[in-house]
Structures are given as C-alpha cells and as structure tokens.
Amino acid sequence: GNSVTQMEGPVTLSEEAFLTINCTYTATGYPSLFWYVQYPGEGLQLLLKATKADDKGSNKGFEATYRKETTSFHLEKGSVQVSDSAVYFCALEKAAGNKLTFGGGTRVLVKP
Amino acid sequence: DGGITQSPKYLFRKEGQNVTLSCEQNLNHDAMYWYRQDPGQGLRLIYYSQIVNDFQKGDIAEGYSVSREKKESFPLTVTSAQKNPTAFYLCASSMRTGELAQHFGDGTRLSIL
C-alpha cells in the first residue's frame, strides 16, 4: 500500500537558518504530492503541491521538487522566520478525489 | 469566501453519550473526509464520501458514524462505542477530478468530561 515517511521532529532552528524536511514515499504509479502546514490549534493549510515527476512546487519561500528516481519530495526554505514555527505534513494522493496518505508530521520550532 | 466550517471549535462529552460534529462546505466539492489527530501524531482517516448518499470507512471507523444527505454537509457522530474519543477532529473536502488538493476546516477539539 501507499505510505509516506517524514523525518521525525522536533526540528529547532534559529531565525534565518536553512530548513530541510525530508519526505519519501512508497506508491505504485505516479501519485500527486503535497506539503501541508498546521499552525497551533488550527486545521491544515495546503502549502504546495506537485503532480508529476520533476515538478517543483513553491509557496511563501518554501520549495519541494518531485523526484521520482528517489521517491522523495523534500521541503526546503532558505531563510526561516519565527512565524514558520508549525507542524509540516507530507502527503500523497493517487487519484483526484481519492484518499490522502499522510506522513507523521514534523514539528518545526524557529527561535529568534 | 468559500471554505469549510467546522463547529463547534470545542466540544465536551460525558461518558456514554453520542455527540455529533458538524462540517459544512461551500466550495461545491464532491468529496468530503473526516480525520482524527492525536497529540503529536499525524492524521488518520475515519470516513470519506465521494458523492452524496455514499460513504466509505477509512482506517479507524469503529465507534464513528457519518451521513451524507447533502453535498455541502458531512456530519460525524462519535458514538459511545468509541472508547477513546478525546482528539482533534478535522474535516476536509476536495474535487473528484481536476484540482486534487484537499481543503481543511479549522477542526473540533473533543474532550471527555
């Protein structure tokens, strides 16, 4: 079956540091890949997505590239802010309207 | 603005009681989903519905029930059979074709008194 593996947190960084959160997946075919962000006490917000190999999703300074050869979708940001402190979830979807498979989430804490 | 509304934000239940969580969307999405999130953990799918009057069990459906009588609404009932109901519950919706991303509500936190 499908699965998503994320690096365990928490990840603690200083402001303006470089952030990488690793995400690898197992799935047959060509799933769509997503990163969601969850701020404390809130629901999930879509951060970025990629629907085919070599696509790069980007939003709010975050980027992730769909790498089929390594089955990965690592999230990166060049200079984090305190406001980026949140839990980040990697997810895959096999077909439109189908179920999402989530990773376990990675908590990021950015200190001033 | 279009979106997903979950209510209430906080809910308390006595032991042995059923309780219903509301989820309404005005995004004209066909598919809707319920997830459970426990502290420090990821999301687990409870039930999902691809179309009105149809729904399927997710990974942890025991102790829960749903209905999908209208496209806009997908209420979740946490029954007394659910022995550990304290959690954060998230509702989501998506199109069935085209735009793939699921859109989430702000969640309902359920606690047992």
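How fast does chain A diffuse by Stokes-Einstein, in µm²/s, taking the Kirkwood radius from C-alpha pairs at 37 °C and 0.692 mPa s?
Numbers: Rh = 14.0 Å.
Rounded to a whole number, D works out at 235 µm²/s.
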Inset, instruction - Report the label-to-label distance for A:Glu76 and B:Asn18 in nanometres (one decimal), using points 7 Å from each Cα along the Cα→Cβ vector. - result: 5.2
Legend entry - Geometric extent, Cα atoms of chain B - Rg, Dmax (angstrom): 13.3, 43
Legend entry - Rounded to whole Hz, the Karplus (6.51, -1.76, 1.60) HN-Hα couplings of the stretch B:68-81, x for glycine and proline: 9, 7, 10, 4, 7, 10, 8, x, 10, 9, 9, 8, 5, 6
Inset, instruction - Excluding residues on the same chain fewer than 8 positions from A:Lys52, give the aspartates and glutamates whose Cα lies under 17 Å from its Cα. - result: A:Glu63, A:Glu69, A:Glu93, B:Glu99
Inset, instruction - Tell me the trypsin sites (Lys or Arg not before Pro) within the stretch B:67-113 that lie in a loop according to DSSP and have at most 11 other beta-carbon atoms within 10 Å. - result: B:Lys83
Legend entry - Distance-filtered residues of the stretch A:55-84 - backbone nitrogen under 20 Å, label point 7 angstrom along A:Tyr39 Cα→Cβ: A:58-63, A:76-84
Inset, instruction - Compute the separation of the alpha-carbon centres of the stretch B:35-71 and the stretch A:61-75 and state it in Å as a whole number. - result: 29
Legend entry - Set of aspartates and glutamates with alpha-carbon distance to A:Lys56 below 12 Å, sequence-local pairs under 8 removed: A:Glu76
Legend entry - For the stretch B:1-65, projected area of the alpha-carbon convex hull averaged over all directions, nm²: 5.7
Legend entry - Too-long pairs where the Cα-Cα distance tops 27 Å, listed order kept, from A:Lys49/A:Lys99; A:Lys99/B:Lys71; A:Lys94/B:Lys83: A:Lys94/B:Lys83
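Read the figures in this text as sums done on the coordinates, not as results from a lab. Quick caveat, the model's predicted, so the values are computed rather than measured. Note that each Cβ is placed from the backbone with ideal geometry, even for glycine, and that neighbours are counted across all protein chains shown.
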